[in-house]
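See below for the structure under consideration.
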Amino acid sequence: MNIVLISTMARKELLFQSIISLHANASKWDSHTLTLVVDGVPPIERAYVNRETLIISGGRQGASASRNIGASSIPKYRRQEYLMFCDDDCYFCPGWDEKLESTLKAYRSSVVSGHGHPYNISEGQYEISKVRVHAAGVLSTVHLCMPWEIWDDVGYFMEPGGPGGSEDVDWCRRATEKGYGL
């Protein structure tokens, strides 16, 4: 699995927790690659930590651009079967990768999101601007995983437009319009 993790400089402790849980709780880490995009550190630099970890730093781009930079930095010859996006405040539970992969195999034409975000509420709802929103039909880019062919078909994240717009809602809308399940 190719993993794109975005980070802001303001949340170093959460980033370290996320990376440690990502590695420690993977069932088979050797079949994953990690691209860490550090948002807010100029100038843009790329450095391989080892063969499975690339760090990209650049000026303040925002979440959409950081995710797009991370995904586009993975050459086709280095692609695994799946692409996953996550934020620096995700904590990964034991066996996260096996669970994601088995779900993706069962629902091949679908995009899967996990509940790895500290702001999630147990009944699948979350709060946006003090308004409760049911998460049906919307997946959060906090943790989003799909086969690469879905990413290639739906395309990049776009900056939100209009009131209440957000890049993950827009991306999920475009994915469902193309017939993919969430």
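Just so you know, all these numbers are worked out from the coordinates, no wet-lab data involved. Bear in mind that the values here come from a model prediction, so they are computed numbers and not experimental data. A quick note on method: Cβ atoms are made from the backbone with ideal geometry, for glycine too, and the neighbour counts reach across all protein chains shown.
Of interest is the spacing of the C-alpha centroids, which for the stretch 61-108 and the stretch 5-41 amounts to 11 Å. Protection proxy ranking of 67-74, 85-92, by the mean of other Cβ atoms within 10 Å over each peptide's residues and highest first, is 85-92, 67-74.
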